[in-house]
Structure formats: structure tokens, C-alpha cells
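J.: A single structure is presented below for examination.
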Amino acid sequence: MTMDVDMCNAIEELTRQQAKSKMWHIYRAGRITASKFKSVVCTDPAMPSAYLIKSICYPAAYSFSTAATRWGCQHEKDAVESYTKCQSSNHDNLHVRDVGLYICLDLPFLGASPDAHITCTCCGDGLLEVKCPFCVKDCNISEGLTRKDFPLESSSDGKLYLKHSHPYYFQVQAQLFVSNKPYCDFVLWSQTKPDAPHIERIFPNDVFLKENVEKAKLFFKVGILPELLGKWYTTSNVGEGNTIAECSSQTQVNVCCFCREANTGHGMIECQSTECRVKVFHLRCLGLTVLPKTKRYLCPNCKKIEVAQKRTAKVKEQ
């Protein structure tokens, strides 16, 4: 759970082959990587995605390959070469090299594997992230703007930029935070115009990172740690009426809430559902500052279950 600078540097150097490196797969397991960042911070801490948790803890077992991912892998080098060719005339002594897994020094459960490390005399060290969207493999980048899921959008002056709501933006911001680099050049490449990719320099968004890193910390507490330490999401007795304390450890009798921290006796609220597995919550973890004015409080998880049950009952009556 703790790392020093030498350890982080050694792991980055050791894993520069990325997917071709066995150690890269080992050190990523159990860490929230940049490619998963948006999925993590957008999940409901009351009902974290079990699939997402398992894919983070056991990435080798949950790896997948599609035509789109294969296309991106096949043309990654083409995109990097195109970027280097385009930017060499604009930057002094531009150098692009392979990079391994960065691990956040302060929050070692966060990791990132950009596509390359870049440096030049005029701008210093930075990162490179390239994308080769399958949806524009046979057309120009501008033609992809008609797609809702396309990562770029046009501003009022006609310039293209990466959508701040897109997973790629979350990925780049996470890479900047984890690596502590001052900028990342984001590249979108298409084979129809291989020598004219979209190149955009992205800087750390402090407001964005402050909010979302906190969400990632909470997800790690309520999702990743219980699985790593007690296989909470893969053990067979979960879902059979056992409480978290019973399933994870008989010694943790005073822990509660999603965060699994101590019951302090104040700033707490109890779920009134008899089926609730957690029972007692910190107000702060629920996003509350004061006790709600209701005689029967239900936590987010139990409230969803009750609503679903009522809908099912109504359908049956009809």
C-alpha cells in the first residue's frame, strides 16, 4: 500500500513492453488504471459494479478482443509515427519513447500506461496518448462528428477538441495525475489521412481531478479492497443474507458503511430495511450533511430494491 520513488521508477522501466510484459499484467491487477477511470468514478458506491471490480482485480480473466480493439492495436505505431513526423518541425529535439506502467506515488492503487513518453527542449517531459477509432477507419475524422459516441466535438470557432464527458478525457486526466506530468498530447488518427491526425495538448484539470480522485478512493475502499482482502464479490456466501461483517471478518464487529470504517456513534444513520446487509452508514458517505426528515430511511441500495419490488407487484396485479 506504500511506494517510494525508486520503486515506481523501477516498475515503469520494467513494464515498457506493456501488454507483452508479464510484469505489466501483474502490477496492474488490483489497481484502478486510467482506462477504467471513468467507469470507476461514475459507478454508484451503493451498488458498485461487480463486473467492473472483478475486471480490475483479475484483468487477465476479463480481457477481451474485438474488431475495434484489434484495429487500435494494429495502428498504434502508425499513429505515433504520424505524430512524430507532424511535431518534429514544431519542437526542438523532440524524442518519443516507450513507457511502462506509472503508479501514483501518493495513491498506489492508481495506475496508468500512456502510449509513449515525449520530451523536447521547448516543452519538457510529457505524455502521448493515441487513439485509432474503428468508426472512422474508412472516412475522415470530421465525418465522425455525426456520431454521438465520437470523442471529438467542434467548438464555435470550428476547432475540434476532446469532449470532457468522453472516457478518453477521463483517461488522459488520470494519466496526468498518476504520472505527475504537466501535459499530454492526445492524438486521434485515421488511415484515410494518416499524415493529418488530430493533435490536442491537454493539461491537468485540477477541479475535475479533485472531485473524481475522491470518487476513485471511495470505490477502492468499498469495491476493490473487500475483493482483494476477502473476495467479497466472488465468494459464494455473499447474497445469502450474511452481513458484510460476517462475510469479511469476524473481528470487524465495529465497522460499518460502504467505506468499512468504524461506527463513531455520531454522523451516522441506520437503514430501516430488514434485508439491508450494511445497516449503518456515515452521512458523508451517502452525500448527506444532516439526517433526512423521514420516519423510515432506506439506503440507496435498499430503496432501489423496494422500488423494483413495488413495480413487479403492480405488474402482477395488472
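J.: Answer yes or no as to whether residue 79 is buried (at least 16 other Cβ atoms within 10 Å of the Cβ) and in contact with a Cys (Cβ under 6 Å, 6 or more places away or on another chain).
T.: yes
J.: Name every residue in region 9-27 that is more than 21 Å from residue 106 (Cβ to Cβ) and assigned to a loop (DSSP other than H, G, I, E, B), in order of residue number.
T.: Hits for region 9-27 are 16, 17, 21.
J.: How many residues does region 148-182 contain that are farther than 26 Å from residue 33 by Cβ and either of a type in the set (Ser, Thr, Tyr) or out of contact with any strand residue (DSSP E or B) (no Cβ under 7 Å at 6 or more places or on another chain) (or both)?
T.: Going through region 148-182 one residue at a time, the tally reaches 6.
J.: Which of the residues belonging to region 182-206 are more than 14 Å from residue 115 (Cα to Cα) and open to solvent by less than 40 Å² (accessible area, probe 1.4 Å)?
T.: 190, 197, 198, 200, 202 - these are the residues of region 182-206 that are more than 14 Å from residue 115 (Cα to Cα) and open to solvent by less than 40 Å² (accessible area, probe 1.4 Å).
J.: Tell me which residues, restricted to region 209-231, are among the basic types (Lys, Arg) and either open to solvent by less than 80 Å² (accessible area, probe 1.4 Å) or over 12 Å from residue 54 (Cα atoms) (or both).
T.: Correct list: 210, 215, 217, 221.
J.: Is there a residue in region 40-51 that is of a type in the set (A, V, I, L, M), modelled with pLDDT of 95 or more and assigned to a helix (DSSP H, G or I)?
T.: Yes, because at least one residue in region 40-51 is of a type in the set (A, V, I, L, M), modelled with pLDDT of 95 or more and assigned to a helix (DSSP H, G or I).
J.: Which residue is least open to solvent (accessible area, probe 1.4 Å), if the candidates are limited to region 116-142 and must be assigned to a helix (DSSP H, G or I) and within 23 Å of residue 66 (Cα to Cα)?
T.: Going through the qualifying residues, I end up with 136.
J.: Further, regarding this structure: List pairs: first in region 119-134 and closer than 17 Å to residue 92 by Cβ and of a type in the set (Gly, Ala, Ser), second open to solvent by less than 30 Å² (accessible area, probe 1.4 Å) and not in a strand (DSSP E or B), Cβ under 8 Å, 6+ apart or cross-chain?
T.: 126/183
J.: Which condition breaks for residue 88 when tested against (1) open to solvent by 80 Å² or more (accessible area, probe 1.4 Å); (2) hydroxyl-bearing (Ser, Thr, Tyr); (3) over 30 Å from residue 213 (Cα atoms)?
T.: (1)
J.: What number of residues in region 91-106 are at positive phi and either touching a Phe, Trp or Tyr at 6+ places or on another chain (Cβ under 8 Å) or surrounded by 19 or more Cβ atoms within 10 Å (Cβ to Cβ) (or both)?
T.: 0
J.: Next up: For region 265-283, which residues satisfy the criterion of being under 17 Å from residue 222 (Cα atoms), in contact (Cβ under 8 Å) with a residue 24 or more places away in the chain and in a loop (DSSP other than H, G, I, E, B)?
T.: 276, 277, 278, 279
J.: Okay, next question. Restricting attention to region 156-180, which residues are hydroxyl-bearing (Ser, Thr, Tyr) and touching a Phe, Trp or Tyr at 6+ places or on another chain (Cβ under 6 Å)?
T.: Scanning region 156-180 gives a single hit, 179.
J.: Let me ask you something else. Are there any pairs with C-beta distances below 7 angstrom linking a residue in region 49-75 that is charged (D, E, K, R) to a residue that is surrounded by 11 or more Cβ atoms within 10 Å (Cβ to Cβ) and modelled with pLDDT under 90, with the two at least 6 apart or on different chains, and if so which?
T.: Qualifying pairs under 7 Å: 54/62; 54/233; 54/234.
J.: Among what's in region 16-47 and is hydrophobic (A, V, I, L, M, F, W, C) and over 20 Å from residue 215 (Cβ atoms), pick the residue that is most open to solvent (accessible area, probe 1.4 Å).
T.: 26
Residues are listed down the side, and each one gets a yes or a no for (1) free of Cβ contacts under 8 Å to residues at least 40 places away in the same chain; (2) of a type in the set (A, V, I, L, M, F, W, C); (3) touching a Pro at 6+ places or on another chain (Cβ under 6 Å); (4) over 27 Å from residue 6 (Cα atoms):
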position	(1), (2), (3), (4)
149	yes, no, no, yes
155	yes, no, no, yes
159	yes, no, no, yes
165	yes, no, no, yes
168	yes, no, yes, yes
181	no, no, no, no
197	no, no, no, yes
206	yes, no, no, no
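J.: Any chance region 143-150 includes a residue that's open to solvent by less than 40 Å² (accessible area, probe 1.4 Å), assigned to a helix (DSSP H, G or I), over 24 Å from residue 81 (Cβ atoms) and of a type in the set (A, V, I, L, M, F, W, C)?
T.: no
The values are calculated or read from the model by the stated rules, or taken from the named source; none is laboratory data. Quick caveat: nothing in here was measured; it's all calculated off a predicted structure. As a convention, Cβ positions derive from the backbone with ideal geometry for all residues, glycine included, and neighbour counts pool all protein chains shown. These accessible areas exclude ligands, DNA and RNA; they are computed on the full protein's heavy atoms, side chains included. Shrake-Rupley method; radii C 1.70, N 1.55, O 1.52, S 1.80 Å.
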